[in-house]
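Everything below concerns the one structure shown next.
Nothing in this text is a laboratory measurement; each read-out follows from the coordinates by a stated rule. Note that this is a predicted model, so its numbers are computed, not measured. Quick reminder, even Gly has a Cβ in these numbers, built from the backbone with ideal geometry, and neighbours come from all protein chains shown.
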Amino acid sequence: MRSGSSVAGRLFAIAALLAMPLAAQWLNYPTSGIPKTPSGLPNLGAPAPRTADGHPDLSGIWEADHNIPCPPIGCWDMRASPQFFDISTEIKGGLPLQPGAAALRQERVASNGKDDHETKCLPSGVPRMHLHPTFRKIVQSPQLMLMLLERNASYRQIFLDGRPLPEDPQPTWNGYSTGRWEGDTLVVETNGLRDGMWLDRSGTPITDAARVTERFRRVNYGNMEIEVTVKDPQAYKAPWTTTIKQFIVLNTELLDYICLENEKDRSHFK
Amino acid sequence: MWNTWLMHRIGRITLLATLTLCVPAWAQWLNYPTPGIPRLPDGKPNLAAPVPRAADGHPDLSGIWRPERAPCAPLGIAACGEFANMGARLQGGLPYQPWAAALVKKRTADLGKDDPVAWCKPSGALRLLTFPLYRKIIQTPAVTVLLSERDVTYRQIMTDGRPLPDDPSPNWNGYSVGKWQGDVLVVESNGFRDGTWLDRNGSPMMEGAKMTERFRRTNYGNLEIEVTVDDPKTYTTPWTVRLRQVLVTDTEMLDYFCNDNERDSAHAVGK
């Protein structure tokens, strides 16, 4: 259900390559301003670009790192990060789950993830959106950073205008996010997440008491690291942190993926 | 569907009322003062102030917008202005081809039960501009993004000089490029998918349609979008509508996911 449209789109891109000039399609339209190596290839190790105000510019299309080793139960066909299936793969000693949260996670795994909100075409939420195999585009402006998601052609706003987090927010899938620069790192705080979300395919829980901190750092032109800290005393005995790596995606454009479009999977979930 | 939507709006109002009683105004985003807008001596936004400009000198279309209130048919909120009928303010209505006129008649008789929007599918680029829910424009030099509360969805208008795609993979919003003509952002779109509904009546649009939107911010508080649709398969002649938008200040977008706890579509059975 999840990958059909994008894969089709990229196959389409190949077909398009054969038939017409490169610039005539957006799936292979050249990205402007790419630093190049002497041989003319994109120089992904070049320094991170900067905006007019001197901060690193996180703008660009990004995908989750899918080259890290597969978890013990094996690799999946989809080019997704193992963290997409289990966000704790990089955490030594695993997650400090409260007993209730551990039981819930076990139950979710045992039921083959049939109640996963993603399988119902609902939003991925924060921070799970960083792990979805579909692409994300960051559009950074001084007051606001936008994340545009291929999945469900949806978006998330991160406010950089100095506003405080809301005190008693109406819970939503993406919560409420504010960011501030600490040197070259954009530190984003989020509250107001809705209860019952899944952080991964294994049903790792998060509650509406959670506070999520994401530290966005564009290491160089081609790489970004998002260090995620989840502080959620209702589900975890202690805050925990993991790093989600992102790669730049060049010379293409987002392709809308509408999960509800011709959706035939859900009725088979048992 | 509309009940869900109504709850969302009522929720907004109730929430606002409750908040006023118990927390300072700035502590919530639904009444957070919009930074940097011109204000009158009494603190109210000065909507008649001149158009703001971006660093590159072009008018800045950024802001949260809602459609101008339109006269409503007796059915209520779901039947106002262009949202109900894209040709509501055109003399003689939309110039349907005979097959399209017959289809609209059938869709109306079916109480719109097959409306993609009633099934939580995207509404498409044009129809989003008529939705009573808010939309936010973020203008940057290379791309102007429209965010819509409805389904928390976005649309990109590329202003980096790229051409429209020659043979695009069709989608709901199509592909849009914009260029400035004086103070007007002229946006051309193609690549729409077959079978979108432009309004609640079910006015169709077919693949092959071309759309031109002329965005003009007339003053601080008002935006006019003149839309021309050229879809010869469906309409006997190109037609143009004017969708006026009013700035919404001192609030923020509130996520509305149609598919969240959706209970209506099972009841959408027509007559």
Please say if the range A:177-270 is rounded, prolate or oblate, where rounded means a/c under 1.5 for a ≥ b ≥ c the square roots of the C-alpha gyration tensor eigenvalues, and otherwise the choice is prolate for a/b larger than b/c and oblate otherwise? oblate
Can you list the residues, at least 5 places off or on another chain, whose amide H is less than 5 Å from the amide H of B:Arg200, using H built in the peptide plane? B:Ala84, B:Asn85
Return the long-range amide H neighbours of B:Thr218 (sequence gap of 5 or more, or a different chain), with a cut-off of under 5 Å between placed amide H atoms. B:Leu223, B:Glu224
What aspartates and glutamates does B:Lys233 reach when the alpha-carbon gap must be under 16 Å and sequence neighbours fewer than 8 apart in one chain are set aside? B:Asp194, B:Glu207
Decide, for the protein assembly as shown, between rounded, prolate and oblate: order the square roots of the alpha carbon gyration tensor eigenvalues as a ≥ b ≥ c, take rounded if a/c falls under 1.5, and otherwise choose prolate if a/b is larger than b/c, else oblate. rounded
Estimated 222 nm signal from helices in chain B, with DSSP H stretches of n ≥ 4 weighted -39500 (n - 2.57), rounded to 500: -4500 deg cm²/dmol
Overall form of chain B per C-alpha gyration tensor (a/c, 1.5; a/b vs b/c): oblate
Highest GNM mean-square fluctuation among B:Asn171, B:Asn46, B:Asn261, for chain B with Cα springs under 10 Å, belongs to B:Asn261
Unit-weight point scatterers at every alpha-carbon of the range B:26-139, Debye formula, q = 0.19 1/Å: log10 I(q)/I(0) is -1.16
Over all alpha-carbon pairs in the range B:201-271, figure out the percentage whose distance exceeds 14 Å. 75 percent
Each residue of B:135-148 has, on average, a number of other protein chain C-beta atoms within 10 Å of its C-beta equal to 3
Per-residue Cβ counts within 10 Å, from other chains only, averaged over B:112-125: what number is that? 1
Dividing the alpha-carbon radius of gyration of chain A by 2.2 N^0.38 Å (N being the number of residues), what value is obtained? 1.03
Taking the Cα centre of the range A:49-151 as the origin, how large is its charge dipole in debye, to the nearest 20, when only Lys and Arg (+1) and Asp and Glu (-1) carry charge on their Cβ atoms? 120 debye
Long-range amide H partners of B:Tyr235, meaning residues 5 or more apart or on another chain whose placed amide H is closer than 5 Å, are B:Gln97
CD proxy at 222 nm, helix term only [per DSSP H run n ≥ 4: -39500 (n - 2.57); per residue of chain A; nearest 500]: -3500 deg cm²/dmol
Of the options B:Val227, A:Gln234, A:Thr51, report the single residue whose Cα projects farthest towards the positive end of the charge dipole of the protein assembly as shown (beta-carbon charges: Lys, Arg +1; Asp, Glu -1). B:Val227
In the structure shown, of A:Lys137/A:Lys245; A:Lys231/B:Lys136; B:Lys113/B:Lys136; A:Lys120/B:Lys113; A:Lys264/B:Lys113, the pairs separated by more than 26 angstrom at the C-alpha atoms are A:Lys231/B:Lys136; B:Lys113/B:Lys136
For the pair B:Trp180 and A:Asn67, how long in nm is the line joining their label points, each one 7 Å along Cα→Cβ? 4.1 nm
Where the only charges are on Cβ atoms (+1 Lys, Arg; -1 Asp, Glu), what is the dipole of the protein assembly as shown about its Cα centre, to the nearest 20 debye? 580 debye
Across the residues of B:161-174, average count of Cβ atoms on other protein chains within 10 Å? 5
